[in-house]
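Here's the structure, in structure tokens; my notes come after.
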Amino acid sequence: MVRADRISKRFGSTQALRDVDLTLRKGSCLGLVGRNGAGKSTVVAALCGLWVPDSGRVLFDEKPAPRLSDVRAWRQRIATVFQRSMVVPCLTVTENVFLGDLQTSSQKKVDWQGMRKRTAEIMEEWGFDIDPQANCEDLSVDQRQIVEIARALAMDSPCLLLDEPTAALERKAIDTLFGRVRALVAHGVAVLYISHHLEEVFEICDDVTVMRDGVVIQNAPTSELSKDDLVSIMVGDQGGQNATGGAADGRQSRRHQATGPVRLAVDKLGRESTQGTMREISLTVREGESVGVTGLLSSGVLTLGRALAGMETVDAGSVSVDDRRMRLGDREAAQRAGIGYVPADRAAEGFVPQLGVGENLTMTVMNRLASRLGVVSPAQIAAAAAPMAEQISVVASGLDQPVQELSGGNQQKVVVGRALIHDPSVIVAVCPTRGVDVASKAVLLDALHDESRRTGAALLITTDELDDVLDCDRVIVLVRGEVFARFDQPPFDREQLIAATEGIGRTAHTDIDDGGENG
């Protein structure tokens, strides 16, 4: 159905792809894996017509791909769900689903009624209650992802490219997506599936292609590989053991009983929000401690993170940092209070795409670097940014390279580095490893835990990456906006955590306290 024939692509000094061969077959799902920067999304851009390879070619049914200007011809051949959100917030769900492909009636007028009906049919087929006339700016992150998937399905293309489609989805939505993918494959659609969740690759893909540094390293049926095999191939000489986070030894060496002063105190925080409602959330984080908070997307964990960072107002409750009450709903006040923030959506809130690595890293300390006249020199930015870029292993051509040119994993490193660079009292990191490979995940989590051990404190919030909280000293689970369970004795059992997020097993393994001195 689709074939990349020895395609190569260079961006400036970066050789993104080198002689890549890749084949999508009718009625088959191919997994594409590799570390951040391996070239996966660049391959997707070539296959869906975003750019022409420097050498090699893309073929559909062994015929050359259409001209880039022939958008309709590309839509007829291939549909794509991109890693970065392509939803236009100010448009409705229907307008986004049919963006660039408005349907017309027999009178050559835009058929809004027909498009709304088709959008409603797709949503009903998926089992999602999303109003076709709703504005996308009012939707949650997972709902916007569903809109993206609906757009791809509405094209009825014979090929489907899915680049990290589950990053913002709950397990129920993921199961629905996989069911739909299996049905499409059974009807002859060719699917390319990209994910850093290797268990998903084994669950949904027939074959897997591994890339490293812009080169295809191996092709094989998934039935012939184990997860450890795949990790080993992905990381190469660096070794799979360290890349997966060091297993139990690393966790054991970090865990301890924090006895320092309370750095963060949250008292009966409440908020009604489209991101998830909070009801009287109370918790504390001590100096030197890492506390994990997890739950489903609708549980209120994302609202909690945004409220602590000053990104969202609250209806009730208070937050104190180092025994000083913080003004809520004010990002600058939160930063002055000592809150360092890693947002869940790096593309929307995490960085300025056109600015360089150095400028993005030093945004939170510009006032420290500026002269009395408010001037900050490039040399000052470089001097401040270079140590942090090295600490978190940012891979870039230089500190002046625009962040939009980096891989997703390196963009996330910049976002985390920006939060760490001003030495916050408390780091609030929301989904800090979303969309990054196993090696980058280890680097980011190490940096966050190390910051908490160095007279700081860390609150790691996640909806979909349990690995983010397994290294924490304590874990709190939210269900329907309330504290459902507190796990105070590591090591933590993954299955018990999953059960708790679903509201199961409260009496079996949960220690509920009142969120006070030892909360």
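No lab work stands behind these numbers, since they all come straight from the coordinates. This one's a predicted model, so the numbers in the text were calculated from it and none came from an experiment. Using ideal geometry, Cβ is built from the backbone for each residue, glycine included, and neighbour counts are taken over all protein chains shown.
Observations on the model:
- Rounded to the nearest whole angstrom, the semi-axes of the ellipsoid equivalent to region 2-243, taken from the Cα gyration tensor as √(5λ), stand at 31, 21, 16, largest first.
- Nearest 10 degrees, 0 to 90: helix 112-126 Cα axis against the chain principal axis: 70
- Counting only lysines at least 8 places from LYS117 when in the same chain, those with an alpha carbon closer than 19 Å to its own are LYS108, LYS109.
- The chain: calculated mean residue ellipticity at 222 nm from DSSP helix runs of at least 4, using -39500 (n - 2.57): -9500 deg cm²/dmol
- SER157 long-range amide H proximity, modeled H, under 5 Å: none
- Here the extension length gained between ASP315 and VAL375 equals 17.6 nm, from 0.36 nm per residue of separation less the Cα-Cα distance.
- Cβ crowding within 10 Å averaged over residues, with 405-417, 311-323, 105-117 ranked highest first: 405-417, 311-323, 105-117
- Relative frequency of Cα-Cα separations exceeding 12 Å in region 117-161, percent: 60
- Modelled spin-label separation between ARG57 and LEU466, with each label point placed 7 Å from Cα along the Cα-to-Cβ direction: 4.9 nm.
- Bridging of LYS441 to lysines at a Cα separation below 24 Å is possible for LYS40, LYS227, LYS413, once same-chain residues fewer than 8 apart are set aside.
- Qualifying chymotrypsin sites (Phe, Trp or Tyr not before Pro) in region 405-513, where qualification requires a DSSP coil assignment and no more than 12 other C-beta atoms within 10 Å, are lacking entirely.
- The trypsin sites (Lys or Arg not before Pro) of region 424-499 that meet both conditions, a loop assignment by DSSP and at most 16 other Cβ atoms within 10 Å of the site Cβ, are ARG454, ARG480.
- With Rh defined as the Kirkwood radius, the inverse of the mean 1/r over Cα pairs, the Rg/Rh of the chain is 0.97.
- For region 351-423, the fraction of alpha-carbon pairs in successive 5 Å shells from zero, as %: 3, 20, 32, 25, 13, 5, 2, 0
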